[in-house]
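I have placed the structure first, in the form of structure tokens, so that the comments after it can refer back to it.
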Amino acid sequence: MKNNKVSYLGLMITLALMFSYIEMLIPFQIPIYGVKLGLANVVIVVVLYKMGFKSAFLVSTIRVILSGFLFGNPMTIIFSLAGCTLSLSAMSLAYRNKSFSIMGVSIIGAVFHNIGQVIVAMILVESFSIIYYFSILLFAGIVTGLIIGILVREAIKFLKIRIM
């Protein structure tokens, strides 16, 4: 059982990293700085639902660090780690609450990811004026979170694997 879990986690990390790379290659870019679809989050939310918070946190953290080194820079890693930590914590609470659908959990994750990144930006520039940018990120988080949630809902229908 333990070997299956390790194999499954390795596969999910690889898949999340591939989705990050694919998203980087997509020529369609949202013309608002910091806004992207977040295809790798499909994998993270699936892992949260199939394997729990610890596994999702592991996959997300490793994916952020690897994609930061491969496709970004140290600042990308800092912003993404803040976003993924806050996002996963909020999604885990919403998932355990059982009051939210997969789409709701995904939207919460996207919004809290943006909150984490705005907090880091405010700390780095030592100004609260960046908070005005959050309204744009809030709307983007709702839209992208809904899209990712729909993709996760459909993916989970096909996944018969249950590893805990």
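The values are calculated or read from the model by the stated rules, or taken from the named source; none is laboratory data. Because the structure is a prediction, the values reported are computed rather than measured. With ideal geometry, Cβ positions are generated from the backbone for all residues, glycine too; neighbour counts draw on all protein chains shown. Just the protein is used for accessible areas: all its heavy atoms, side chains included, with ligands, DNA and RNA removed. Shrake-Rupley method; radii C 1.70, N 1.55, O 1.52, S 1.80 Å.
Given 66, 25, 17, 88, which one is surrounded by fewer than 18 Cβ atoms within 10 Å (Cβ to Cβ) and touching a helix residue (DSSP H, G or I) at 6+ places or on another chain (Cβ under 9 Å)?
66 is the lone residue from the list that is surrounded by fewer than 18 Cβ atoms within 10 Å (Cβ to Cβ) and touching a helix residue (DSSP H, G or I) at 6+ places or on another chain (Cβ under 9 Å).
Do the conditions hold for residue 79, that is, is it part of a helix (DSSP H, G or I), at pLDDT below 95 and under 22 Å from residue 141 (Cβ atoms)?
Considered against the rule, which asks whether it is part of a helix (DSSP H, G or I), at pLDDT below 95 and under 22 Å from residue 141 (Cβ atoms), residue 79 comes out as yes.
Taking the condition of being within 19 Å of residue 75 (Cα to Cα) and over 14 Å from the mean Cα position of the chain (by Cα), how many residues in segment 95-127 meet it?
Counting residues in segment 95-127 that are within 19 Å of residue 75 (Cα to Cα) and over 14 Å from the mean Cα position of the chain (by Cα) gives 10.
Does segment 107-123 include one or more residues that are more than 21 Å from residue 37 (Cβ to Cβ), open to solvent by 70 Å² or more (accessible area, probe 1.4 Å) and assigned to a helix (DSSP H, G or I)?
Yes.
Looking at segment 139-152, I want the residues that are farther than 14 Å from residue 102 by Cβ and in contact (Cβ under 8 Å) with a residue 60 or more places away in the chain and have a partner that is of a type in the set (A, V, I, L, M, F, W, C) and surrounded by fewer than 19 Cβ atoms within 10 Å (Cβ to Cβ) with Cβ atoms under 6 Å, at least 6 apart or on another chain. Which pairs are those?
140/35
Checking residue 35 against (1) of a type outside the set (Ser, Thr, Tyr); (2) open to solvent by 50 Å² or more (accessible area, probe 1.4 Å); (3) at pLDDT below 90; (4) outside any helix (DSSP H, G or I), which test does it fail?
(2)
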